[in-house]
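Written out below as structure tokens is the structure these notes cover.
The values are calculated or read from the model by the stated rules, or taken from the named source; none is laboratory data. Predicted model only: the values in this text are computed from it and were never measured. Glycine gets a Cβ as well: all are built from the backbone with ideal geometry, and neighbour counts include every protein chain shown. What goes into the accessible areas is simple: the full protein's heavy atoms, side chains included, and nothing from ligands, DNA or RNA. Shrake-Rupley method; radii C 1.70, N 1.55, O 1.52, S 1.80 Å.
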Amino acid sequence: MSLMGLTAVSLGKKIKAGEVSAIEAVQEALASIHEKEDVVNSFVTVEEERALKRAKEVQKGIEDGTYTGALAGVPVAIKDNMCTKGVLTTCSSKILENYIPAFSSEAVLRLEKAGAIILGKTNMDEFAMGSTTETSAFGTTKNPWNIGHVPGGSSGGSCAAVAAEECSYALGSDTGGSIRQPSSFCGVTGMKPTYGTVSRYGLIAYGSSLDQIGPVAKDVTDCAVILETIAAHDKKDSTSVERKDCDFTSALKDDVKGMKIGIPRDYFGDGLDAEVREKVMDAAKTLEAKGAVVEEFDLSLVEYAIPAYYVIACAEASSNLARFDGVKYGFRTDEYDGLHNMYKKTRSEGFGAEVKRRIMLGSFVLSSGYYDAYYLKALRTKALIKQAFDKAFSQYDMILAPAAPTTAPRLGDSLNDPIKMYLGDIYTISVNLAGLPGISLPCGKDSKGLPIGLQLIGNCFEEKKIIQAAYAFELTREYEHCPLAAGK
Amino acid sequence: MKQFETVIGLEVHVELATKTKIFCSCSTEFGGEPNSHTCPVCTGMPGSLPVLNKQVVEYAIAVGLATNCKITQNCKFDRKNYFYPDNPQNYQISQLYLPICRDGWIEVETEDGGKKKVGIHEIHMEEDAGKLIHDEWGENSLVDFNRSGVPLIEIVSEPDMRSADEVIAYLEKLRLMIQYLGASDCKLQEGSMRADVNLSVREAGTEEFGTRTEMKNLNSFKAIRRAIEGERERQIDLIEAGEKVVQETRRWDDAKEYSYAMRSKEDAQDYRYFPEPDLVPVIISDEWLQEIKSRQPELRTEKLERYKKEFQIPEYDANIITSNKRLADIFEETTAICKNPKKVSNWLMVETMRLLKEHEMEPEQITFSPENLAKLIQLTDDRAINSSVAKEVFEKIFAEDIDPEAYVEENGLKTVSDDGALRSTIEKVIADNPQSVEDYHNGKKKAIGFLVGQTMKAMQGKADPAMVNQILAELLN
């Protein structure tokens with residue numbers, strides 16, 4: 001099997017054992033990228049020379065004992081909304097088409113400290129706004145399981161790159177499901193940690209109060225190892241939390257006996273695809289068979305999550321994206337007449353339709369006279385949703401749900417109907433509103449051969465519980481390589 | 001003719017004296033090459049995040065406590081959104097919903113010698129913007145972000161002031177208080193204190209407020225006074241002509257003594273304020289608040305009382321010396337060395353004030369050291385130099401902070417108190433001025449003054465005047 005077909009931890013072991021070198025690993029990743037990029041388009045930027053140079057350094061570091069961690073020498077892809085010093089960082093937007101940051105994001109620095117080798121930057125929905133990666137200014141990423149379908153989004157490039165075996169693992173970001181939903185569509189495992197676990201320093205903000213960076217990988221073990229590497233208190237991020245329980249790999253135990261798992265009835269009603277429901281319920285049965293106590297319950301308030309999310313995320317985005325004005329960096333329109341015309345033309349030409357829609361929505365809900373009716377109401381709804389989860393977690397160790405109501409839609413089917421696209425986030429969005437951790441892992445395929453994702457949601461700071469259950473479930477099935485990765 | 005009453009409220013921005021900026025560790029030092037005090041945070045680079053400088057909170061609380069405000073122990077920052085190139089993120093981090101201080105007051109003295117309370121509506125913390133520099137040769141404008149992120153507090157008063165005098169009294173009180181707290185140097189000219197004036201007029205005796213205007217660009221007390229008087233007249237003229245005052249922001253041009261409309265309420269921007277998601281709420285615990293309270297320095301009123309008691313100096317002296325923190329500091333430090341408070345106070349009140357006025361300087365610009373002033377006082381106490389030499393030496397101290405002992409020595413300024421040398425000079429003066437001697441003997445006692453002057457002249461000012469008087473009297477009689 002190709003080295004990129006291995007999990008990150010297995011490859012790391014081989015490199016550490018001297019069976020293969022970091023250089024060989026990177027060469028193989030680059031070869032895989034060359035072979036598949038024309039079809040998949042997971043990357044915005046591939047840094048071939050830089051990666052090879054870095055591989056040599058890391059290999060030396062592994063040999064002399066500088067790098068001893070599980071991820072040393074293992075090639076990684078980074079979502080293009082995380083700053084990488086000296087490397088193009090575009091957020092898949094024309095407005096940042098030429099932006100090269102002067103510093104790296106904290107999560108990237110932590111990976112590099114552990115000996116990771118960055119291959120390049122992955123495609124995404126523009127500024128992480130979208131659920132299909134079709135809003136990218138640099139072309140759509142295809143689902144490696146079926147290139148007529150979307151990979152999901154917004155971390156579609158990261159998830160497709162992992163599924164297509166163009167890299168060993170990737171980092172994504174999740175504001176309303178942007179790691180879990182594309183992981184589900186691409187048949188990989190992705191995790192969004194508790195808000196505040198991974199520093200947001202250097203992550204180009206979409207919805208600051210909701211954004212979290214997390215791992216995308218082939219299995220739960222990789223996710224635990226990666227999260228353990230990137231999770232740390234960071235003084236540069238005021239919302240970063242000081243945690244002493246970041247030893248996530250300690251939860252990799254095949255034991256769910258007595259775990260109480262709640263299934264929200266409200267998540268299994270109208271709009272959920274029958275095949276998705278069946279596979280997710282099968283997963284629940286599997287866990288039950290392994291000794292977990294599975295129960296249905298009413299979570300409530302589910303229908304309010306999407307409107308509350310779009311009000312809060314867009315409000316924050318309308319302000320966060322104000323800095324892209326053509327003054328200091330990034331794209332500036334060619335011809336303009338005065339400052340205001342420059343602002344207007346730069347932003348009209350630089351942002352795509354979905355980004356403009358959300359900036360307008362966000363500006364509207366914050367305007368005087370509407371703030372109370374929309375923004376404040378959304379904040380109150382957010383607080384109520386958190387309370388509903390608190391109540392659920394007083395009874396259950398975790399919540400089991402689908403990651404998305406359907407499998408990956410066909411290319412082009414979603415953008416015409418934004419409301420429908422927004423509704424696709426129904427099972428992931430409340431997790432961000434409540435700041436909870438969530439993991440999505442494969443639990444089967446539908447009749448079209450597209451992967452289905454199982455989502456486990458934990459209480460704040462209880463990543464270990466969901467990691468343990470996910471790990472136990474994963475052991476009941478084999479990892480399935482997508483046809484593209486398998487060379488079919 | 002109708003009588004009108006002026007109603008004034010102030011928005012005062014004060015730049016805090018922290019070493020670093022409010023949300024990053026860049027220096028706040030004034031000047032420096034453009035963009036040399038910047039980092040990704042204060043230039044709003046994508047992915048950068050603000051981290052609150054604790055000292056800013058402490059200064060804001062200190063000012064709040066000194067102005068009798070209620071401290072918001074759970075306060076938050078909000079974003080104020082507007083596009084302008086001096087503002088790198090196109091939003092300013094400020095406070096709207098939960099400002100750190102609210103509902104305070106300070107007492108000011110009115111023209112008639114009475115006292116009046118001026119209410120403080122709120123004090124909030126925020127960041128300063130950068131500075132635009134318009135290229136004189138090209139079509140471009142450049143931006144310097146050195147000021148971007150410098151911490152400010154905005155002190156918003158209630159509309160409690162009724163005249164320019166009250167406004168100046170309020171500003172002076174506020175400035176002195178903040179200087180005493182060490183929270184800012186409050187220099188209007190350099191912009192570390194800026195005041196916007198909200199003014200309306202109403203018919204005397206009515207309760208309802210008139211339509212107000214806001215005036216900006218006021219960078220001296222004189223300009224503020226002129227602007228208030230000018231705007232009051234403008235509004236009264238409008239009302240008397242049957243026109244309406246428009247609610248708008250106006251820019252004062254002090255050279256032309258006129259204000260120009262900048263923008264009216266209709267085109268006022270909607271700032272779309274919302275809670276800053278990149279910062280967590282600032283929780284001010286009782287312990288922290290107590291700690292800041294216990295560290296509050298002595299303010300002017302307390303200092304004034306202490307000076308009278310501890311140093312036995314008259315109220316008049318204490319008043320002048322405590323009118324400025326720098327003067328008070330020099331007074332205390334010099335007194336600590338020479339143990340002669342009254343003399344120190346005299347040097348500060350008379351000669352120092354005279355030289356400041358002559359050079360158009362503020363007390364903050366004083367450069368001489370308390371050590372050298374103390375040495376000078378010691379020299380006069382020892383009668384090593386006389387008072388006119390002392391004044392001359394002080395001018396040198398004031399200008400260059402010279403060591404008076406060395407200076408007196410090097411320039412041969414020591415008082416001649418050698419009886420023999422004096423006696424022979426005086427004998428010569430008497431011989432050279434028979435007319436004055438005769439006048440003196442004829443009862444014109446004033447003539448002795450002329451003879452003293454002639455002696456001092458002959459001695460190049462270095463004679464001990466007491467001795468000169470004594471010998472003269474002796475020789476003449």
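By how many nm would the segment from A:THR68 to A:MET360 grow when fully extended, if each residue of separation counts as 0.36 nm and the alpha-carbon distance is taken off?
Using 0.36 nm per residue and subtracting the Cα-Cα distance, I get 100.3 nm.
Within a Cβ distance under 12 Å of B:GLU107, other residues only, what is the Lys/Arg minus Asp/Glu net charge? Mind dumping the intermediate values first?
Details: positive: B:LYS115, B:LYS116, B:LYS117, B:LYS173, B:ARG300; negative: B:GLU109, B:ASP160, B:GLU166.
For residues surrounding B:GLU107, the net value is +2.
Among B:216-224, A:83-91, B:113-121, what's the highest-first ranking by average C-beta atoms within 10 angstrom per residue? Provide the component values of the computation, followed by the final result.
Numbers: B:216-224: 16.9, A:83-91: 22.1, B:113-121: 15.2.
In descending order of packing, they fall as A:83-91, B:216-224, B:113-121.
What's the ranking of A:350-356, B:278-284 by average number of surrounding C-beta atoms within 10 Å, highest first?
A:350-356, B:278-284
Need one value for B:36-45: mean number of C-beta atoms belonging to other chains within 10 Å of its residues' C-beta atoms.
3
How long are the semi-axes of the equivalent ellipsoid of region B:205-246, taking √(5λ) for every eigenvalue λ of the Cα gyration tensor, in whole Å from largest down?
Details: eigenvalues 96, 26, 19 Å².
Listed largest to smallest, the semi-axes of region B:205-246 are 22, 11, 10 Å.
May I ask for the distance between the Cα centers of region A:3-40 and region A:78-145, given as a whole number of Å?
Centre-to-centre (Cα) distance: 20 Å.
Region A:362-405: which residues show an accessible-area loss of 50 Å² or more, assembly versus chain alone, 1.4 Å probe?
Residues meeting the cut-off: A:LEU366, A:TYR371.
Ranked from the most accessible area to the least, with a 1.4 Å probe and all protein chains present, what is the order of A:SER300, A:SER318?
Numbers: A:SER300 60, A:SER318 5 Å².
Heavy-atom accessible area, descending, gives A:SER300, A:SER318.
Using a basic spin-label model with each label point 7 Å from the Cα along Cα→Cβ, how many nm lie between B:ALA473 and B:LYS309?
Simple spin-label model gives 4.2 nm for this pair.
Leaving ligands, DNA and RNA out of it, work out the accessible area of A:TYR336 with a 1.4 Å probe and give it in Å² to the nearest 10.
100 Å²
With a ≥ b ≥ c taken as the square roots of the eigenvalues of the C-alpha gyration tensor of the protein assembly as shown, please select rounded if a/c is under 1.5 and otherwise prolate if a/b is larger than b/c or oblate if it is not? Don't skip to the end; give the middle numbers.
Working: a/c = 2.92, a/b = 2.26, b/c = 1.29.
Taking the square roots of the gyration eigenvalues as a ≥ b ≥ c, the protein assembly as shown is prolate.
Give me the distance in nm between label points sitting 7 Å out from Cα along the Cα-to-Cβ direction at A:LEU423 and A:ALA102, one decimal.
4.8 nm
Can you pull the percent of Cα pairs in chain A with separation above 33 Å? Numbers along the way, then the final one.
Values: 37147 of 118828 pairs.
Pairs farther apart than 33 Å: 31 percent.
Give the long-range amide H neighbours of A:ASP80: residues separated by 5 or more places, or on another chain, with amide H under 5 Å away, using H modelled in the peptide plane at 1.01 Å from N.
HN-HN under 5 Å from A:ASP80: A:THR122.
I'd like the mean, over residues of A:227-236, of how many other protein chain beta carbons sit within 10 Å of each residue's own Cβ.
Partner-chain Cβ atoms within 10 Å, mean over residues of A:227-236: 1.
Roll a 1.4 Å probe over the protein chains and send me the accessible area per residue for region B:82-228 in Å².
42 Å²
Using a Förster radius of 51 Å, what is the FRET efficiency between A:LYS253 and B:TRP288 based on their Cβ-Cβ separation? Nearest 0.05, please.
The computed FRET efficiency comes out at 0.75.
Quick one: Cα centre-to-centre distance for region B:102-133 and region A:445-475, in angstrom?
Using only Cα atoms, the two centres lie 58 Å from each other.
Taking amide H positions as placed in the peptide plane 1.01 Å from N, state which residues far from B:GLU122 in sequence (5 or more) or on other chains have amide H under 5 Å from it.
Residues meeting the criterion, in which the H sits 1.01 Å from N, are B:ASP103, B:VAL156.
Answer rounded, prolate or oblate for region A:202-329, using the Cα gyration tensor with square roots of eigenvalues a ≥ b ≥ c: rounded when a/c is under 1.5, else prolate when a/b is larger than b/c, else oblate. Working shown, then result.
Values: a/c = 2.52, a/b = 1.41, b/c = 1.79.
Judged from the Cα gyration tensor, region A:202-329 comes out oblate (a/c at least 1.5, b/c at or above a/b).
Sorted by packing (mean other beta-carbon atoms within 10 Å per residue), highest first, where do B:356-367, A:380-391, A:424-435 land?
On the way: B:356-367: 12.8, A:380-391: 16.8, A:424-435: 26.2.
In decreasing order of mean packing, B:356-367, A:380-391, A:424-435 become A:424-435, A:380-391, B:356-367.
I'd like the trypsin sites (Lys or Arg not before Pro) in region B:432-477 restricted to DSSP loop residues with at most 14 other Cβ atoms within 10 Å, sorted by number.
B:LYS444, B:LYS445, B:LYS446
In whole angstrom, how far apart do the alpha carbon centroids of region A:300-326 and region B:159-207 sit?
If you average the Cα positions of each part, the centres end up 41 Å apart.
At B:PHE30 and B:GLU5, where each label point lies 7 Å from the Cα along Cα→Cβ, what is the point-to-point distance in nanometres?
With each label placed 7 Å out from Cα toward Cβ, I get 3.9 nm.
Tell me the carbon and sulfur percent of the accessible area for region B:45-129, rounded to whole percent, probe radius 1.4 Å.
47 percent
Does region A:148-190 classify as rounded, prolate or oblate by the C-alpha gyration tensor (a ≥ b ≥ c root eigenvalues; a/c under 1.5 gives rounded; else a/b over b/c gives prolate, otherwise oblate)?
Working: a/c = 1.85, a/b = 1.21, b/c = 1.52.
Note, shape of region A:148-190 comes out oblate.
Give me a comma-separated list of calculated 3J(HN,Hα) values for region A:397-412, in order, Karplus coefficients 6.51, -1.76, 1.60 applied at θ = phi - 60°, integers in Hz, x for any Gly or Pro.
Those phi angles translate into 6, 7, 10, 10, 7, x, 7, 8, x, 9, 8, 4, x, 6, 4, x Hz.
Go ahead and estimate [θ] at 222 nm for chain A from helices alone: -39,500 (n - 2.57) per DSSP H run with n ≥ 4, summed, over the residue count, rounded to 500.
Helix-only estimate at 222 nm: -12000 deg cm²/dmol.
Rounded to the nearest 100 Å², what is the buried accessible area between A and B, both sides summed, probe 1.4 Å?
Using a 1.4 Å probe on protein heavy atoms, the buried area is about 2700 Å².
Which of the trypsin sites (Lys or Arg not before Pro) found in region B:247-298 are in a DSSP loop and have at most 11 neighbouring Cβ atoms, other than their own, within 10 Å? Numbers along the way, then the final one.
On the way: sites: B:ARG250, B:ARG251, B:LYS256, B:ARG263, B:LYS265, B:ARG272, B:LYS293, B:ARG295; in loops: B:LYS256, B:ARG272.
Sparse-neighbourhood loop trypsin sites (Lys or Arg not before Pro): B:LYS256.
Find out how many positive minus negative residues lie around B:GLU139, taking Lys and Arg as positive, Asp and Glu as negative, among other residues whose Cβ is under 14 Å from that of B:GLU139.
Surrounding charge for B:GLU139 is -4.
Whose amide H sits under 5 Å from the amide H of A:VAL293, counting only residues 5 or more places off or on another chain, with H placed in the peptide plane?
Correct list: A:GLY258, A:MET259, A:LYS260, A:ILE261.
Loop-only GluC sites (Glu not before Pro) in region B:5-93, please: DSSP not H, G, I, E or B, and at most 14 other Cβ atoms within 10 Å.
Numbers: sites: B:GLU5, B:GLU11, B:GLU15, B:GLU29, B:GLU58; in loops: B:GLU29.
Sites meeting the loop and neighbour criteria: B:GLU29.
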